[in-house]
Structure formats: structure tokens, C-alpha cells
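For reference, the structure is listed below as C-alpha cells.
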Amino acid sequence: MNDEQISADGGTLFIVATPIGNLADMTFRGIETLESVDLIACEDTRVTKKLLMHYEITVPTTALHHHSKEEKINRIVEQLTTGDNVAYVSDAGTPGISDPGNQLVAAAVKKGIVVTPIPGASALSVIISVAGIDLQKFTFLAYPPHKKGRKTFFEKVAASDVPVIYYDSVHRVVKNLQLLQEKKPDAQVIVGRELTKMFEEIKRGSVETVIDYFETNPQILKGEF
């Protein structure tokens with residue numbers, strides 16, 4: 001680890017991107033950082049340990065997820081103030097979008113801790129790279145609500161004058177596409193499934209065509225969308 005990466009008044013918090021599926025997508029810098037820190041905070045230690053075992057990294061881990069209490073964040077920040085270097089990783093991709101990474105960063109910044117990004121894979125940038133449409137401007141809306149607010153969510157999608165990107169669950173992707181079709185029958189969609197993994201698939205076309213494809217082939221409704 002370079003000397004300039006370490007805070008003079010304490011440790012450094014490294015926000016490390018990890019693969020979204022294919023472990024070979026881990027960057028050299030990301031591996032070096034995870035090997036060098038004193039602690040790795042993880043959205044799910046069980047998920048992260050698969051990555052660490054693959055690269056033979058033996059640094060201690062601790063869980064930091066949406067249900068973690070503020071005390072947990074404070075303990076990690078306290079460890080940083082004593083001079084330890086800490087890395088935070090989400091289950092997959094670049095932290096800070098649908099995980100508690102932004103809360104940890106905010107708490108660290110408040111204490112004057114240096115926060116350093118270690119870039120890498122992101123499901124958001126991956127689908128953008130293969131979309132083949134003008135994405136100089138777009139809206140990202142993370143995950144649609146499960147129940148309350150779901151119709152409002154898709155009304156916003158249908159009314160947007162720029163492309164909209166969102167993540168979805170295998171259990172709701174078809175139902176949500178049907179709701180989108182209801183709100184915007186002429187919608188054109190690009191669905192990325194299992195990106196970077198063995199069964200990667202990118203399906204393009206009208207929302208009606210894509211719904212029909214998944215309904216006709218229910219056996220492929222697996223993985224992440």
C-alpha cells in the first residue's frame with residue numbers, strides 16, 4: 001500500500017469494488033488493498049469469504065449490512081481513528097448504491113478519516129456499456145418497491161424523458177415488466193440477466209416481446225436482473 005494512501009491522523013477507509021459475478025474481474029489494486037488492510041467490513045461475510053478464499057486473503061472480516069445498528073458503524077470508525085486501515089465491500093459490485101456503504105463513508109468523513117475509492121465492476125456501468133443507446137443522460141432508481149409505491153415507481157419510469165435503469169429481483173421481474181407495459185405499452189427495454197456469469201444473457205426489444213420471452217421460457221428465470 002502506498003504511503004500517500006494512509007491518513008496522517010488515523011487509518012484510511014477503502015471502498016473496494018468487487019466482481020458482480022465473475023471472480024476474475026477483481027482488479028489487481030482491489031486485491032492488493034484487501035490484502036493490506038487490518039479489517040474488511042462486508043455486507044455479508046459469507047459472500048465475501050468466497051472471494052477472499054479464492055484470492056487466499058486471510059484478513060479478519062466483520063458484517064455491516066442494512067440491519068446493522070449505528071453502534072457497529074461507530075465501532076468501525078473508532079478503529080479507523082486508532083490508525084487501522086479498513087476496507088468496505090458489498091456483496092457485489094461498487095459499494096454505496098444499495099448497501100450501507102454510504103452511511104459508513106459519511107460517519108468516517110465526519111471524523112476526518114480519509115476515504116479512498118478502489119474502483120472496479122458495477123452492474124450499473126456494465127449494462128450501460130452494452131446497451132447500445134444514448135446514455136449521456138439517464139435516471140437510476142435502484143430497486144422498485146415490493147408493494148407500497150410500486151405503481152408510482154413505474155409511473156415515474158414511464159414518464160421519464162431519459163432512459164431509466166433499475167435493478168430487479170428474479171421473483172418480481174416479469175410482474176414489474178407487466179406493470180411497466182400497463183403504464184407504457186410502447187416501452188423498449190434491455191434486460192441484463194446474470195451479467196458476467198456463466199449464463200449471462202441480454203434481452204432487447206419491446207416490453208411485450210421481452211415479457212413473452214420470459215413467460216415462454218420460465219426455466220431461465222433465475223439469477224440477478
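The values are calculated or read from the model by the stated rules, or taken from the named source; none is laboratory data. Nothing here was measured: the structure is a model prediction, and the numbers come from that model. Ideal geometry is used to build each Cβ from the backbone, glycine not excepted, and the neighbour counts take in all protein chains shown. Each accessible area value is taken on the protein alone, full model and side chains, heavy atoms only, with ligands, DNA and RNA left out. Shrake-Rupley method; radii C 1.70, N 1.55, O 1.52, S 1.80 Å.
Residue pairs, Cβ under 7 Å, 6 or more apart or interchain, first in region 33-44 and in contact (Cβ under 8 Å) with a residue 60 or more places away in the chain, second not aliphatic (A, V, I, L, M). List them.
THR33/PHE14; ALA41/THR62; ALA41/TYR88
Identify all residues within region 189-225 that are in contact with a Phe, Trp or Tyr (Cβ under 8 Å, 6 or more places away or on another chain), over 23 Å from ILE128 (Cβ atoms) and either of a type in the set (D, E, K, R) or exposed (fewer than 14 other Cβ atoms within 10 Å of the Cβ) (or both); write none if there are none.
Listed by number, the list holds a single entry, LYS222.
Answer yes if at least one residue in region 173-181 is open to solvent by less than 70 Å² (accessible area, probe 1.4 Å), farther than 21 Å from ALA92 by Cα and assigned to a loop (DSSP other than H, G, I, E, B), and no otherwise.
No, region 173-181 contains no residue that is open to solvent by less than 70 Å² (accessible area, probe 1.4 Å), farther than 21 Å from ALA92 by Cα and assigned to a loop (DSSP other than H, G, I, E, B).
Taking the options PRO163, PRO185, name whichever one is touching a Phe, Trp or Tyr at 6+ places or on another chain (Cβ under 6 Å) and without any contact (Cβ under 8 Å) to a residue 60 or more places away in the chain. Before the answer, list the steps.
Working: PRO185 fails: touching a Phe, Trp or Tyr at 6+ places or on another chain (Cβ under 6 Å).
Exactly one of PRO163, PRO185 is touching a Phe, Trp or Tyr at 6+ places or on another chain (Cβ under 6 Å) and without any contact (Cβ under 8 Å) to a residue 60 or more places away in the chain, namely PRO163.
If GLU155 passes every condition in (1) in contact (Cβ under 8 Å) with a residue 40 or more places away in the chain; (2) surrounded by 13 or more Cβ atoms within 10 Å (Cβ to Cβ); (3) assigned to a helix (DSSP H, G or I) but one, which one does it miss?
(1)
If I filter region 118-135 for residues that are within 21 Å of GLY96 (Cα to Cα), touching a Phe, Trp or Tyr at 6+ places or on another chain (Cβ under 6 Å) and touching a residue at least 60 places away in the same chain (Cβ under 8 Å), do I get at least one hit?
There is at least one residue in region 118-135 that is within 21 Å of GLY96 (Cα to Cα), touching a Phe, Trp or Tyr at 6+ places or on another chain (Cβ under 6 Å) and touching a residue at least 60 places away in the same chain (Cβ under 8 Å).
Within region 44-74, work out how many residues are β-branched (Val, Ile, Thr) and in contact with a Lys or Arg (Cβ under 9 Å, 6 or more places away or on another chain). Break it down into steps so the answer makes sense when it comes.
Here is the first cut: in region 44-74, the residues β-branched (Val, Ile, Thr) are 45, 47-48, 57-59, 61-62, 73.
Add one more test, that the residue is in contact with a Lys or Arg (Cβ under 9 Å, 6 or more places away or on another chain), and what stays is 61-62.
Residues that pass the stated criteria total 2.
So PHE138 ticks every box in (1) over 22 Å from the mean Cα position of the chain (by Cα); (2) open to solvent by 60 Å² or more (accessible area, probe 1.4 Å); (3) modelled with pLDDT of 95 or more but one. Which box is left unticked?
(1)
Check GLY101 against each of (1) more than 11 Å from LEU13 (Cβ to Cβ); (2) modelled with pLDDT under 95; (3) out of contact with any Gly (no Cβ under 8 Å at 6 or more places or on another chain) and name the one condition it does not meet.
All conditions are met except number (1).
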